[in-house]
1. Measuring from centroid to centroid over Cα atoms, what is the spacing of the stretch 88-127 and the stretch 8-29 in Å?
2. Return the distance in nm (one decimal) between the two label points of a simple spin-label model at THR18 and ALA105, each offset 7 Å from Cα along Cα→Cβ.
3. Per 0.36 nm of contour for each residue apart, how much would the distance between GLU38 and GLU92 grow if the chain were fully extended, relative to their Cα-Cα spacing?
4. Under the 0.36 nm per residue contour assumption, what length would be gained going from the current alpha-carbon distance of THR82 and ARG53 to full extension?
5. Might you report the magnitude of the Cβ-based charge dipole of the stretch 9-57 about its Cα centre, with Lys and Arg at +1 and Asp and Glu at -1, to the nearest 20 debye?
Amino acid sequence: MTITPSEWKFEKISAALTADGLLTITNRHVERKWRINEAGSLTALSLRDRKSRVEWLTGDESAPSPTPPSSLPDEPREITLTAVIGRAYVIEAPAMTLTLTAAGAEATISYQFKIFDRSSGIIVRVTAPASTDIPAAAGEPGDEPVATGVETADRGAAVSQTPAG
């Protein structure tokens, strides 16, 4: 595993990825820490409320969290952290959106973190390639349900409404 250390700051938000694989994301309310393992998966180490100084994670630190959606090949990965700062939408408050990429020759895991300056939480999303060992759905081609846009009641249920008043 090769890690490119980096550090980002915006308002009261900071994010740092160290050479030894520690990812820390902080704002004025919350601090999250993860350890990156050799496979590029994250293991949650800490979720701390900075105002009350309460640590919320006290469980098993051996399992990846968040868990990638499929089994990934065991291969060396290059770990990078990038950031986009600003508003994603006109009505949204400015935020820091971080992307942690664990790129391998066969598969890449991508984690996205979004944190607002005055929010007490961090949005986390993980993506990885779809697993190739999941069997295809049974049936013939063309048997897939087709959306019609028409909603109907369950055929066996009676539907009635009584006007109020």
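Every number here is computed from the coordinates shown, using simple stated rules; none is lab data. All figures in this text were calculated on a predicted structure; none of them were measured in a lab. Every residue, glycine among them, receives a Cβ derived from its backbone with ideal geometry; neighbour counts consider all protein chains shown.
1. Going from one Cα centre to the other spans 12 Å.
2. 3.1
3. That works out to 15.9 nm of additional length.
4. Contour length minus the Cα-Cα distance gives 7.6 nm.
5. Around 300 debye, computed over the stretch 9-57.
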